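Shown next, in structure tokens, is the structure this report addresses.
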């Protein structure tokens with residue numbers, strides 16, 4: 001008896017059963033349906049028995065840089081759903097963006113004989129690279145592209161490049177950029193490169209005085225925006241590396257009497273839930289964080305040797321990430337590829353951030369069907385999957 005069989009009997013999704021077993025939020029009706037199905041089938045996840053039968057410790061270590069993050073939560077949701085389906089428990093290591101803690105968790109999890117490790121990537125030092133390459137258990141990195149290691153990551157450069165191109169198309173001439181530290185190769189370097197590529201492609205010069213580096217918070221975005229307004233009062237556009245940074249920048253623009261988008265256009269990255277409740281609503285790049293977690297889990301399960309999990313070719317040949325069409329809206333959710341409507345019916349709305357209400361005032365462009373950068377390993381199962389993005393154009397542009 002599996003979770004999917006329990007879900008089918010209860011008439012709900014596998015995600016709903018996973019949430020029920022983990023004490024997550026569900027309607028009372030669904031709780032009753034699931035409880036009845038479990039009672040009728042006698043379903044119990046017997047982890048000890050499965051460990052003794054297979055000889056594998058059914059625990060997965062997950063190392064995250066921060067816990068107060070919507071993107072981290074969405075990746076975790078995707079990971080947990082897939083691992084629970086295979087009866088794996090998860091152990092969480094919170095590094096607080098400290099490299100020494102990441103290394104400590106890597107060592108501790110290997111010592112405790114976890115079946116595999118998922119690392120939500122941030123920065124990569126030489127000692128960290130060596131630790132990852134010498135890891136004694138299967139390991140997958142999310143959110144970053146680390147050569148020679150299995151990774152699931154996003155097209156950060158392409159998303160910000162197109163976002164900036166759209167702002168240029170609105171007639172903006174003096175566009176500022178608020179980024180993050182570039183030792184973060186995805187959120188920092190790749191997104192800034194996307195910004196500069198768009199300017200250069202339009203024949204515009206890159207003015208370094210219009211670039212600021214912020215932390216991953218709204219207060220830092222506010223302070224950077226204040227500096228930019230003092231340095232360049234006539235700026236008419238701002239691209240931010242994250243939506244949270246953009247929220248702070250929006251506040252600074254308003255306090256300085258700038259109309260959005262009358263005087264200044266602004267946009268961010270992340271499709272944060274708050275984008276729809278600030279005024280004006282924020283134009284953003286939607287990254288498929290929950291799907292990133294699901295694919296990373298499937299990749300790790302394949303590396304561990306679980307049968308039936310084949311997100312990539314075992315010989316490391318090139319693959320393209322499955323298409324994630326923006327047009328397939330069902331029950332106010334994105335109908336992601338390879339996920340049935342039942343699988344999505346209880347999926348987190350924040351992962352898609354596309355309710356019927358938001359559709360009326362937003363223009364969506366999907367780039368998820370473009371080829372991913374995969375198959376970077378040869379015959380060593382070092383797979384890479386690059387996920388696409390969606391531009392969600394709202395009032396702030």
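A few points about this structure:
- Only a single item in (1) within 21 Å of the chain's Cα centre (by Cα); (2) surrounded by fewer than 18 Cβ atoms within 10 Å (Cβ to Cβ) is not met by residue 150, and it is number (2).
- Meets criteria (touching a helix residue (DSSP H, G or I) at 6+ places or on another chain (Cβ under 6 Å), in the same structural domain as residue 235 (by TED's automatic domain parsing), touching a residue at least 12 places away in the same chain (Cβ under 8 Å) and buried (at least 18 other Cβ atoms within 10 Å of the Cβ)) for residue 161: yes
- Filter result for residue 225 (without any contact (Cβ under 8 Å) to a residue 60 or more places away in the chain and either at negative phi or in contact with a helix residue (DSSP H, G or I) (Cβ under 6 Å, 6 or more places away or on another chain) (or both)): yes
- So residue 106, is it in contact with a helix residue (DSSP H, G or I) (Cβ under 6 Å, 6 or more places away or on another chain), farther than 17 Å from residue 4 by Cβ and not assigned by TED's automatic domain parsing to the domain that holds residue 2: yes
- Subset tally (residues that are surrounded by fewer than 22 Cβ atoms within 10 Å (Cβ to Cβ) and in a strand (DSSP E or B)) for segment 52-97: 7
- Residues of segment 14-29 that turn out to be under 19 Å from residue 1 (Cβ atoms) and either modelled with pLDDT of 90 or more or within 22 Å of the chain's Cα centre (by Cα) (or both), as a count: 6
- Selection of first residues in segment 28-43 that are under 10 Å from residue 12 (Cα atoms) and in the same structural domain as residue 15 (by TED's automatic domain parsing) and of second residues that are in a loop (DSSP other than H, G, I, E, B) and at pLDDT 90 or above, restricted to Cβ pairs under 7 Å at least 6 apart or on distinct chains, gives the following pairs, ordered by first then second residue: 30/12; 33/11; 33/12; 34/12.
The values are calculated or read from the model by the stated rules, or taken from the named source; none is laboratory data. Small disclaimer: the values here were computed from a predicted structure and weren't measured. Using ideal geometry, Cβ is built from the backbone for each residue, glycine included, and neighbour counts are taken over all protein chains shown.
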